[in-house]
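Q: Dumping the structure here so I can ask a few things about it.
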Amino acid sequence: MNFHLLKSFVTLADSLHFGFASQTLNLSQPALTKQIKRLEDDLGAPLFRRDRHGTELTELGRYFLGEARPLVEQAERVFSQGKRAARGEVGRLAIGYSFFDGGHGVARVATLSRALSRSRGRAA
């Protein structure tokens with residue numbers, strides 16, 4: 001299963017409008033239509049009913065939305081947290097320090113204290 005197909009499905013299901021969904025996803029309408037068609041082909045049944053009055057979810061579409069939405073939301077959280085970790089905004093910092101440093105302990109503790117204070121301010 002392709003994450004982009006699930007995300008496109010959930011976005012379209014939320015708006016029930018191919019134009020709005022394609023703008024939200026930064027896709028052309030034909031590209032979105034192809035993605036939805038591919039997902040429907042993979043499932044073996046239509047997820048949407050389309051006619052001149054609009055777009056609506058089928059029974060399968062409503063069921064599939066309930067299953068797909070939490071997956072998409074979780075994947076977006078994971079990606080967001082990964083980006084934060086890459087920027088050093090989350091994660092674990094381990095510091096080792098020895099007081100046996102030839103008498104420079106006070107200066108080094110002050111430097112360490114300032115560094116930790118700055119680091120704590122960025123992580124908040």
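Q: Cβ contacts < 7 Å: first residue of a type in the set (Ser, Thr, Tyr), restricted to segment 51-73; second residue not in a loop (DSSP other than H, G, I, E, B), any location; separation 6+ or different chain. Result?
A: Here the result reads Thr55/Phe18; Thr55/Phe48; Thr58/Phe48; Thr58/Arg49, each pair linking segment 51-73 to a residue that is not in a loop (DSSP other than H, G, I, E, B).
Q: Considering only segment 65-90, state which residues are among the β-branched types (Val, Ile, Thr) and either under 30 Å from Phe48 (Cα atoms) or touching an Asp or Glu at 6+ places or on another chain (Cβ under 6 Å) (or both).
A: Val72, Val78, listed by residue number.
Q: Shifting gears a bit: Within the group Phe79, Phe9, which residue is of a type in the set (Phe, Trp, Tyr), over 30 Å from Leu116 (Cα atoms), part of a helix (DSSP H, G or I) and outside the structural domain of Leu116 (by TED's automatic domain parsing)?
A: Result: Phe9 is the single residue among Phe79, Phe9 that is of a type in the set (Phe, Trp, Tyr), over 30 Å from Leu116 (Cα atoms), part of a helix (DSSP H, G or I) and outside the structural domain of Leu116 (by TED's automatic domain parsing).
Q: Does segment 17-28 hold any residues that are loosely packed, with under 13 Cβ neighbours inside 10 Å and in a helix (DSSP H, G or I), and which are they?
A: Selection gives Gly19 alone.
Q: I need a count of the residues in segment 13-26 that are within 18 Å of Glu76 (Cα to Cα), out of contact with any Leu (no Cβ under 7 Å at 6 or more places or on another chain) and in contact (Cβ under 8 Å) with a residue 12 or more places away in the chain.
A: Number of matching residues: 1.
Q: Inside segment 29-57, can you point out the residues that are among the acidic types (Asp, Glu) and surrounded by 14 or more Cβ atoms within 10 Å (Cβ to Cβ)? Outline the logic, then answer.
A: Applying the first criterion (among the acidic types (Asp, Glu)) to segment 29-57 yields 40-42, 51, 56.
Within segment 29-57, just Glu40 meets the criteria.
Q: Take segment 42-59 and flag every residue that is touching a Lys or Arg at 6+ places or on another chain (Cβ under 8 Å) and either more than 15 Å from Ala21 (Cα to Cα) or assigned to a helix (DSSP H, G or I) (or both).
A: If the condition is that a residue be touching a Lys or Arg at 6+ places or on another chain (Cβ under 8 Å) and either more than 15 Å from Ala21 (Cα to Cα) or assigned to a helix (DSSP H, G or I) (or both), then Thr58 is the only one that fits.
The values are calculated or read from the model by the stated rules, or taken from the named source; none is laboratory data. All values derive from a computational prediction rather than experimental measurement. Don't worry about glycine lacking a Cβ; one is built from the backbone with ideal geometry, like all the others, and counts go over all protein chains shown.
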